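Worksheet for the structure shown next.
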Amino acid sequence: IAGDKNRILSVRWNPFCSKDDDVFGSLVTMGDKHLQFWLFSQAVPSEDEQLDMDEGAGMGAVSLVRHKPVWKDTTKQTCLSVCFVEQTKADASDESTDRGYTITGMQDGSVFFWKWLAEETGVVVIKVLPSLHDGPICTLLTTATGLLLSGGNDGLVKMWQLASFGEKGASVLR
């Protein structure tokens, strides 16, 4: 899979991407000035491509489709960490998504919230929380109890309430 000319540091599977007739999964690749969103889909063969099942034909070709993020008013930068949530109050729109939301930790210490656009035409940043850490955010984790934990290059692990969509919380570890 050709992704980008820049170094890819990590690949993560989105556990909240709902499966339907065409899409059966989603992943994110991230790295040096690199962030890409991917959908796995199963293409239905045309009548010309249909083969007799007795001859060993499959159900169609599997494809991986890349969707570049829409950075809006933000600067493209290195993405170091990612996690996923099913719902977030960071989304002020009335439009729901069946792909969940992606949260990324960036090189400048900020956290971005991402949402799939309608018709799966791309992914857009819906909220930026600047300077949550003094330096890069190296790891992100969400809990079943609605917390977001972030670990930074500043030597801190911080805990945030997702319900307050990332307003500064208490530092829990150093």
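Rule-based calculations on the coordinates, nothing more; no lab input. Note that this is a predicted model, so its numbers are computed, not measured. Quick reminder, even Gly has a Cβ in these numbers, built from the backbone with ideal geometry, and neighbours come from all protein chains shown.
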>> Suppose the chain between Leu156 and Glu95 were pulled fully straight at 0.36 nm per residue; how much longer would it get relative to their current alpha carbon spacing?
In response: 18.5 nm
> Modelled label-to-label distance, Ser10 and Cys138, 7 Å Cα→beta-carbon offset: nm?
Replying inline: 1.1 nm
>> I need the peptides 108-116, 12-20 ranked by packing, meaning the mean over residues of other C-beta atoms within 10 angstrom, with the highest value on top.
In response: 108-116, 12-20
>> For Lys76, give me every one of the lysines with a C-alpha distance below 19 angstrom, ignoring sequence neighbours fewer than eight places off in its own chain.
In response: Lys5, Lys33, Lys68, Lys115, Lys127
> What is the local net charge at Gly109, summed over the other residues whose Cβ is closer than 10 Å to its Cβ (Lys, Arg +1; Asp, Glu -1)?
Replying inline: -3
>> Net charge within 14 Å of Leu141 by Cβ-Cβ distance, Lys/Arg positive one each and Asp/Glu negative one each, not counting Leu141 itself?
In response: +2
